[in-house]
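Values in this text are rule-based calculations from the coordinates and carry no lab data. What you see is a predicted model, and the numbers here were worked out from it, not measured in a lab. Using ideal geometry, Cβ is built from the backbone for each residue, glycine included, and neighbour counts are taken over all protein chains shown.
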Amino acid sequence: MAVLVGFSGSLRKGSFNAALLRAAGAMMPVGSRLEMMSIAAFPLYNGDDEAAHGIPAEVTALKDAIAAADGLLIATPEYNNSIPGVTKNALDWLTRPPADIPRVFAGKPVAVIGASPGGFGTILSQNAWLPVLRTLGAELWTGGRLMVSRAGSVFDADGAIVDARTSDSLRQFVEGFAAFAQAGSMRVI
């Protein structure tokens with residue numbers, strides 16, 4: 001049984017990436033689960049604020065959840081051909097203090113998915129995540145890529161996937177990543 005933590009890199013109420021993450025949670029293999037968390041309450045990172053007030057409780061909660069999980073699933077939008085600022089801000093907070101990086105990310109199976117209204121999905125955002133996650137020592141799952149393009153036609157008004165091909169691809173992706181994450185947790189034991 002794999003226990004994954006996931007968060008969406010979009011704060012928008014009708015976010016395609018939040019919908020994609022919810023769909024991934026619903027497609028988890030039997031015995032596995034995806035705990036969806038939010039970065040919406042994370043303040044902008046400021047070293048002075050960290051020194052004065054410490055790590056915000058919302059950040060600590062996500063860090064602890066990632067550390068305890070078998071893997072991390074990030075649903076990333078693509079803004080201006082790269083990583084969204086709010087998602088990078090979340091990673092910046094999650095790596096504070098630097099002494100926590102090994103506990104949270106080292107050897108942690110991580111996968112990135114994304115949805116975009118554009119024609120290329122989130123290929124550039126996902127590519128931009130690779131050096132960041134490698135720097136943190138994460139174990140990137142490369143068994144598949146999931147980049148949903150033209151997301152407006154893939155999701156209905158309630159955020160449900162209405163495209164069978166995308167649904168099948170997502171199911172295969174989460175099954176593969178859950179197996180990878182579970183195998184990773186077995187290696188650690």
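Considering only residues that are within 22 Å of the chain's Cα centre (by Cα), of a type in the set (Gly, Ala, Ser) and outside any loop (DSSP other than H, G, I, E, B), which ones fall in the stretch 149-165?
Ala151, Gly152
Of the residues Ala183, Ala179, which single one is surrounded by fewer than 15 Cβ atoms within 10 Å (Cβ to Cβ) and either farther than 30 Å from Asp48 by Cβ or aromatic (Phe, Trp, Tyr) (or both)? I'd like the intermediate steps shown before the answer.
Values: Ala179 fails: surrounded by fewer than 15 Cβ atoms within 10 Å (Cβ to Cβ).
Answer to the check: Ala183.
Note down all Cβ pairs under 6 Å where the first residue falls in the stretch 12-38 and is surrounded by fewer than 18 Cβ atoms within 10 Å (Cβ to Cβ), the second is assigned to a loop (DSSP other than H, G, I, E, B), and they're at least six residues apart or on different chains.
Gly31/Met1
Okay, residues lined up against (1) more than 22 Å from Val110 (Cβ to Cβ); (2) surrounded by 13 or more Cβ atoms within 10 Å (Cβ to Cβ); (3) free of Cβ contacts under 8 Å to residues at least 60 places away in the same chain:
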{"site": "Ala128", "(1), (2), (3)": "no, yes, yes"}
{"site": "Ser153", "(1), (2), (3)": "yes, no, yes"}
{"site": "Asp156", "(1), (2), (3)": "yes, no, yes"}
{"site": "Asp163", "(1), (2), (3)": "yes, yes, yes"}
